[in-house]
Each structure stands twice: as structure tokens, then as C-alpha cells.
Amino acid sequence: MDKTILTASDLWTNLSGEVQASISKQTYATWFEPIRAVSLDENSLTLEVPSKFYYEWIDRHYRRMLLSKLKTATGKDLKVRYSVVVSEPGNGEFPTEPDTLVEQRGSGQNYDSGSRLNKRYTFDSFVEGSNNQLAKAAAVSVADSPGQTSFNPLVVYGGVGLGKTHLLQAIGNKVLERLPRPRVHYTTSEKFTLDFITAIQNNNSAPFTERHRKVDVLLVDDIQFLQKKEQTQEQFFHTFNDLYQRGKQVVLTTDRHPSELYGLKDRLLSRFKSGLIVDIQAPNLETRIAILQKKAEDDSLEIPYEIIEFIATNIRTNIREMEGALIKLLAYSSLSHSDITMSLAKRALRETLGRPGTKTVSIEDVIQSVSEAMDVPEKKLVGRGRKMDVSRARQVAMYLSREIVGTSLENIGMHFGGRDHSTVIHACRAVKGKMKEKADFCRRVDGIRSQLEF
Ligand code: ADP
Ligand code: MG
């Protein structure tokens, strides 16, 4: 192929094929599938990655491999540049290695530097549940007719990591489909405050005023940071009034109900109350599962349902944390070149929560674990075969069922090929006896137990 007309995506197709051939399928799916090649010039190939975490991971583990394959493919010493899809713009840069350059944040295609919006935060990617239904409905109608509904301002409040920023930016992205970018402005109240202070210090507030007033939709995230900042509040009040009077839309988020915002001026508060105040609550289990499934689907990841349910069961109040656990799990799986398994999920969760997760253990779980650990097919465990290794494993499974599941002897017997309760008692005794005798065996059984109990 003539190298002068090689495009970034041609090169990436070629390169990623090579990469795919040298690493496991799971590793490839986790770290390389989400990458897009965005540009190629004489010196470098630019790859877009979903997050800073990805960049760091790929750079740490695969830089050498990528560079050498790049050289083989092009015959040149090209550099790899990364552009990151940003969710929280403007906080810091990445370490720059001589042969790995990182573009300024915000240059990724998913981040619109005019409006400061992350394009991944859309209504489509926002899973609706009973906890956020009202907030979402209000957000959609505001996005459809900004400034034209009675929801002005729309104030969305709720705890950390429950989707406020996502929803706020989804409004922006939806409006942007129709209007050019300077007419939607997203900011946080911290940035608003800083910009305001800078404007005062420079004795030039015109650009500040213009930026915030020349918009059709002003989105201000986390207004709880305006508490006690009287002068900034004053400025915000004027900005708000100006926009409101001209029929422009204002949408705000906060981590608590506006009337609980301590140190907020009354007249600002009554402005907020004149629009619509809606909350986002913690999602229920079904919604948490749906959110994880959606994330997995969007990133083309195949994660067993059981594991999704396990994560969703254990992380209840913060979706960001739940996503974090999922990413950790992918990282572990990639690092150990192993499939995504329950025990890996447990480890990821333990690190996320700082404590073990919990799960009700069923006899089926015990059978599965014993089967894996002692290398006896489940079918044989619950069958009638009497070969030595099979009966031993079956006894261990009965014992663990008795110890962990805490169900009746009859019920256990029923699960193991319809045996009666005396067989179960005998099995438990035999296992206990052997555990006392043989340290090796004891360790093995305890190992299975701790994996189950976790
Ligand atoms: P907040 O601003 O309330 O602290 P974010 O909007 O930053 O929370 O949400 C945290 C993470 O959880 C984001 O990655 C977001 O995409 C995700 N998230 C939250 N709610 C939902 C939802 N209903 N559907 C899909 N993803 C969600
Ligand atoms: Mg937020």
C-alpha cells in the first residue's frame, strides 16, 4: 500500500489485527476494541481512548508493543498520541513520555470544547428507572423546548454519582443537535466562581458576562459550591435574571434540595423555587443491573449476567462507584489474562468497597465451586457414581452446603441425587475428620469455603 495515502483507520485496522493476534481475546476486547484511530500524520498516530484510566493502562502495558508494531507496519518511527474522551474537563494533564504524546484534553472528538460537553452523556445512554423518571422527563422536555416550558430554571438534585451531571449534559447535547455550540454553555459553579474572580481581578468582566449571557441554554453543575460566596451569587442572580427575561433556559444541579443549601441568598432561592425542582434518588436493583448491562453493551463487553448482578447487588448508592468496580474487574481480567469470573469480580469489589461483598450462597453455588476447585463435573457431583474422587468431592460439597447454606439435611440430600439425611450426616463427619487429619485437605476445603463466603 502506498504509505502516503494510508489513513489512520487503515493503519489501525492493520495494527490492531497484529495486536489481536498476540494477546488474549478478553484483553483485546477490554483495552483495544474501544480505541479509535483519529488521525495520522508524518510523525504520529493519534488514538482516541475512553478515559484517562485507559490511557494509563495502555501506555503502561502496551506501549512498547504498539510502537514496535507501528514500526513494522509503516517502516517509520512514529509516535503514538492519545486523545481522551473527557468527562470532567480541565483537571490536569497526563505525563508525557518522549514517544507518547498526549493531546490537550478536550481535543477528543467526544468532547466539545465550545460548549464543554461530553458527547457520551446523552439521553440514549441514560437508563430510566423509577428513581430518575421525573428528572429525566423534565430534562427531555426542557431539551425539546428550552425556555418554553414552566421548568425554568430546572433544578435537579440528588446524591453523589447518581447521574446529575449526565442528565445535565444530555440536555446540552440534545439542544446542540439543533443549535450551534456557543449557544449552549456548560459550567460548574466552581468554574463560574473562578472565572468571575478572574474577571474582577483583571478589571474586565465583559468576556465573562458575554460568555454566560449570550446563550440559549445555560447549564450550571453543582451549585452547592455557591454557598456563602455572596458576590458570586449576586453575579449569578443577574445572569439568571437576564437569561430568564429573554426566555432563555437555565438548568442547575445540586447535591441537596435548594432549601437545604446553607448560605444561599433568599432571593436566589426563591428564583430556584419558581421553576421546577426534581430529585434523583438511589436506583433500585433492577435499574442498577440495567445500567451495568447498558455500559457493557455500549462498550461491547461480554460480562456474565451473574457477575453484573453481583456488582449491582453490592453497590447500592453510587453509580460511579459501580462503574468503577466494573472497570477494575476488566483491568484484573486483562492483567491476569483470564476470563471474567466470579472470583475476579469479588476481588474487584473488595477493592472498591474496602470490604468484601456479600451474596446469598445457594447449594447450586456450592456445587459449582466444588466442581471447579476439585475438578469433578457438576453432573457427577449430583449423580450416583461412587468413584473415589467423585465421592470425596460430593462429600465436601455436602459438608459446605451444611456449613454455609444452613439448609436442612433432607434438602441437601435431595440436591445430591436424592440421598437421605443420614448420608449427609455421614459425609459431614467424614469431611470434618479428614480436615483434622490432613492439613492439606483442610486448606483446600477452607479455600473453597472462603471463596464462597467471600
Ligand atoms: P453526579 O453528577 O450525580 O455525581 P454523574 O452524572 O457523574 O453523577 O454519574 C456518575 C456515573 O454514573 C456517570 O458515568 C454516569 O454516566 C453514570 N450514570 C448515572 N446515572 C445513570 C443512568 N441512569 N444511566 C446510565 N448511566 C448513569
Ligand atoms: Mg456531577
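Using the count of nearby Cβ atoms within 10 Å as a rough guide to exposure, how do 328, 71 rank from fewest to most? Don't skip to the end; give the middle numbers.
On the way: 328 20, 71 12.
So the ranking, lowest neighbour count to highest, is 71, 328.
Would you please calculate the Kirkwood hydrodynamic radius of region 274-329 over all C-alpha pairs and express it in Å, rounded to one decimal?
Numbers: mean 1/r = 0.0834 Å⁻¹.
Answer for region 274-329: a Kirkwood hydrodynamic radius of 12.0 Å.
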| query | Dimensions of region 338-454 along principal axes (Cα, Å, largest first)? | reply | 43, 29, 25
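Under a point-charge model restricted to the Cβ atoms of Lys and Arg (+1) and Asp and Glu (-1), what is the dipole moment magnitude of region 255-294 relative to its Cα centre, in debye to the nearest 20?
Values: 7 positive and 5 negative charges, 38 e Å.
The dipole of region 255-294 has a size of about 180 debye.
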| said: Take residue 64 and residue 242, extend 7 Å from each Cα along the Cα→Cβ direction, and tell me the distance between the two endpoints in nm. | reply: 5.7 nm
| Taking K and R as +1 and D and E as -1, what net charge do the other residues with C-beta under 13 Å from the C-beta of residue 245 add up to? | +3
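Rank these for me by crowding, 254, 313, going from fewest to most other beta carbons within 10 Å. Could the numbers behind the result be given before it?
Working: 254 25, 313 16.
Listing 254, 313 from fewest to most nearby Cβ atoms yields 313, 254.
Of 136/164; 52/136; 164/229, which ones are farther than 19 Å apart at the Cα? Could the numbers behind the result be given before it?
Details: 136/164 10 Å; 52/136 28 Å; 164/229 22 Å.
From the list (136/164; 52/136; 164/229), the Cα-Cα distance tops 19 Å for 52/136; 164/229.
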| said: Across region 393-454, what fraction of all alpha-carbon pairs, as a whole percent, falls in each successive 5 Å bin from zero upward? | reply: 4, 20, 30, 23, 16, 7, 0
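Test of the criteria: in region 28-60, which GluC sites (Glu not before Pro) are in a DSSP loop and have at most 11 other Cβ atoms within 10 angstrom of their Cβ? Show your work: numbers first, answer last.
Working: sites: 42, 48, 56; in loops: 42.
When the GluC sites (Glu not before Pro) of region 28-60 are filtered for loop state and at most 11 Cβ neighbours within 10 Å, 42 remain.
Would you mind calculating the relative contact order of the chain from Cα pairs under 8 angstrom and at least 6 residues apart, reporting the percent as a whole number?
For the chain, the relative contact order is 12 percent.
Exactly which trypsin sites (Lys or Arg not before Pro) in region 365-451 are in a DSSP loop and have at most 12 other Cβ atoms within 10 Å? Don't skip to the end; give the middle numbers.
Values: sites: 379, 380, 384, 386, 387, 392, 394, 402, 419, 429, 432, 434, 436, 438, 443, 444, 449; in loops: 384, 386, 387, 419, 438.
Those satisfying the criteria are 384, 386, 387, 438.
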| query | Mind checking which aspartates and glutamates have their C-alpha under 20 Å from residue 273, skipping anything on the same chain fewer than 8 residues away? | reply | 221, 222, 230, 234, 242, 255, 260
| query | Volume per residue, Å³, of the convex hull around the alpha-carbon atoms of the chain? | reply | 198 Å³
| Just in region 205-288: which chymotrypsin sites (Phe, Trp or Tyr not before Pro) are loop by DSSP and have at most 14 other Cβ atoms within 10 Å? | 262
| said: Defining a contact as two alpha carbons under 8 Å apart and six or more residues distant in sequence, what relative contact order in percent does region 5-64 show? | reply: 30 percent
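Can you give the direction-averaged projected area of the convex hull of the alpha-carbon atoms in region 348-411, in nm²? Kindly include the intermediate steps, with their values, before the conclusion.
Values: hull surface 20.2 nm².
So the Cα hull casts an average projection of 5.1 nm².
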| message | Give me the three principal axis extents of region 174-326 from the C-alpha atoms, as integers in angstrom, largest value leading. | response | 58, 36, 30
| request: Show that you can apply the helix-only estimate: for the chain, add -39,500 (n - 2.57) for every DSSP H stretch of four or more residues, divide by all residues, and state [θ] at 222 nm to the nearest 500. | output: -16000 deg cm²/dmol
| query | Using alpha-carbon pairs under 8 Å, 6+ residues apart, how would you state the relative contact order of region 181-292 in percent? | reply | 26 percent
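Read the figures in this text as sums done on the coordinates, not as results from a lab. Only a predicted model underlies this, so the values are computations on that prediction, with no experimental measurement involved. Cβ atoms come from the backbone with ideal geometry, glycine included; neighbour counts cover every protein chain shown.
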